[in-house]
Amino acid sequence: MKLSEQWLKTWNEKRNLLACPNNLNDYFEETEVAGKKIDHLELGSVSIPTGDILVRDPLVYIQNDAEPYLIKVPTGEFPVTAAVVIPDDDDCARYAAVKVQFTAYDAVRFEEALIGTEDLADFNEGEFFGFNVDAGLGCVLDKETLKHFCAFQDKFHSENSGKNLYDDYFAVLFAANYAENPIYQREAGDWINWKIPGTDYHIPFFQSGFGDGTYPVYYGFDVEGNVCSLIIQFIDIELAYSEEE
């Protein structure tokens, strides 16, 4: 997608407003944030063959024409980790954030990932764009793996008239993963690492913290200004739980 000169100009003028208000390193390096106990759950790897990365609800917003974020990331297989708010007696485990780590370097700043079509003209401090969740799940994928996902999705629907992709395919995989890895999952399952049939590509699916909504995605940049990670923030722990209390 060709970006307009005006959009790029506005983006460069407002990039400082796209910084994450939280230190997301704490979510993955500490065992407590804002009084909430945090643990870390390994979700396997994600395949990034082209470096054009996307974050989507895998059951609602998987379309061939979905645009990746404008800053490319390294290519390869990369580990995916969830920062989990350890549940109290009256709640389930909540995935506060999910991180893809691309390099061995730590992030020194976090900036929201954008596609290049966002309306930046009236964008102000404290706001974010994010991605939409309508099925309680998120996933990280690459422009190439998106094509294979869409092909699988089309084939499933053409061969299974009247059936539902989640109920009649993914639900069994989520339940099986819960049986094998019950920690920080509900019985129906809260995450899978899906290998797209007929490929060697992996796409992790994971619960979206408090469920449906709009959630920001941040690039982590190292001290040299290179992308070293990508973090989806489902829960602003400091804000969400301080208000609850």
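The values are calculated or read from the model by the stated rules, or taken from the named source; none is laboratory data. In this text, all values refer to a predicted model and were calculated from it rather than measured experimentally. Counting neighbours? That spans all protein chains shown, and the Cβs are built from the backbone with ideal geometry, glycine included. When the accessible area is computed, the model is the full protein with side chains, heavy atoms only, and any ligands, DNA or RNA have been set aside. Shrake-Rupley method; radii C 1.70, N 1.55, O 1.52, S 1.80 Å.
Assorted remarks:
- Residue list for region 164-208, given a label point 7 angstrom along the Cα-to-Cβ vector of residue 86 and an amide N cut-off under 15 Å: 183-185
- Over 31 Å apart at the Cα level, from the set 9/99; 14/72; 9/36; 37/143; 37/147, are 9/36; 37/143; 37/147.
- Using the average count of surrounding beta-carbon atoms within 10 Å as a protection proxy, the listed peptides 118-130, 31-43 rank, highest first, as 31-43, 118-130.
- Packing, as the average of other Cβ atoms within 10 Å across residues, places the peptides 226-237, 57-68 in the order 226-237, 57-68, highest first.
- When you filter the trypsin sites (Lys or Arg not before Pro) in region 146-245 for DSSP loop state and at most 13 other Cβ atoms inside 10 Å of their Cβ, you are left with 163, 186.
- Charge sum, other residues only, whose C-beta stays under 13 Å from residue 173's C-beta, Lys/Arg counted +1 and Asp/Glu -1: -3
- The mean accessible area for residues of the chain, using a 1.4 Å probe and ignoring ligands and nucleic acids, is 48 Å² per residue.
- Scoring 176-185, 103-112 by mean Cβ neighbours within 10 Å over their residues and listing the highest first yields 103-112, 176-185.
- For residue 54, neighbours were defined as the other residues whose beta-carbon sits under 15 Å from its Cβ, and their charges (Lys and Arg +1, Asp and Glu -1) total -4.
- Region 101-243 - charge dipole about Cα centre, Lys and Arg +1 at Cβ, Asp and Glu -1, debye rounded to 20: 720
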